[in-house]
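Scroll down for the structure; my scribbles are underneath it.
Just so it is clear, none of the values below were taken in a lab; they were calculated from the coordinates. On a predicted model such as this, the values are computed, not experimentally measured, just so you know. Heads up, the Cβs are rebuilt from the backbone with ideal geometry, glycines too, and the neighbour counts pull from every protein chain shown.
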Ligand code: DX5
Ligand code: ZN
């Protein structure tokens, strides 16, 4: 199956004083989805946005919201993020005792479900759920902040998860991705690319998004 490459720029790097403008800029620049980084100050040492802001983004966004929950007790917040208009919800395997029930609950709301592994979590941690989710998110930085350096060491894990998951499951990678390293992510099997800094720091946002897509697609396994 020729896997489609999607670029999901992270709003963590947006200018929050003009978030609406940056959402429109990303859409006009060819983003496939908007990666919304939700942080609670417990699961990660940073606090960002909640359902209230997702609702505001939903009102103006014409592309899917790819919501990444870096929070403890994600099950407690499914309802508000679903009601806010999330199109995809990813939670961390490290934040739950059992992931299967929450995956089904997300999907029961017509929202695609993702499960995420932080850099130190092995691929085996997803063995029981790799076949249930719609997408697996591999963190290539420690969650909490944008602008960190890409961690090469997660590439073998990305390959293992690509092999473990059924063909229909997308593999997303998130953290420190640039036009220079995205081909290695694609070669490892990642077809959904999160990038914050690389997109927002670019002089030409559309060219940066297209470069990420082309470089990933040319290397995609
Ligand atoms: C980090 C977030 C990432 C981050 C990516 O916890 O999950 O999405 O914002 O930003 P860059 O591309 O700047 O590393
Ligand atoms: Zn993220």
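Looking at the range 2-127 only, what percent of DSSP beta bridges run antiparallel? Nearest 5 please.
Rounded to the nearest five, the antiparallel share is 5 percent.
Whole Å is fine, so just give me how far the alpha carbon centre of the range 31-73 lies from that of the range 180-197.
21 Å
If you restrict to DSSP beta bridges whose two residues both lie in the range 1-70, what percentage is antiparallel, to the nearest 5?
10 percent
For every helix of n ≥ 4 consecutive DSSP H residues, a contribution of -39,500 (n - 2.57) applies; sum these over the chain, divide by its total residues, and give [θ] at 222 nm rounded to the nearest 500 deg cm²/dmol.
Calculated at 222 nm, the ellipticity per residue is -9500 deg cm²/dmol.
Defining a contact as two alpha carbons under 8 Å apart and six or more residues distant in sequence, what relative contact order in percent does the chain show?
Normalised by residue count, the contact order of the chain is 21 percent.
If each residue's Cβ is checked for other Cβ atoms within 10 Å, how do 111, 89 rank with the fewest at the top?
The most exposed by this proxy come first: 111, 89.
For a quick check: sort 65, 19, 161, 155 by the number of other beta carbons within 10 angstrom, fewest at the front.
19, 155, 65, 161
How many percent of DSSP beta bridges within the chain run antiparallel, rounded to 5?
5 percent
For each of 142, 77, count neighbouring Cβ atoms within 10 Å of the residue's Cβ, then give the residues from fewest to most.
Taking fewest neighbouring Cβ atoms as first place, the list is 142, 77.
Sort largest first and round to whole Å: the equivalent ellipsoid semi-axes of the chain, each the square root of five times a Cα gyration tensor eigenvalue.
Largest first, the chain gives 23, 22, 16 Å.
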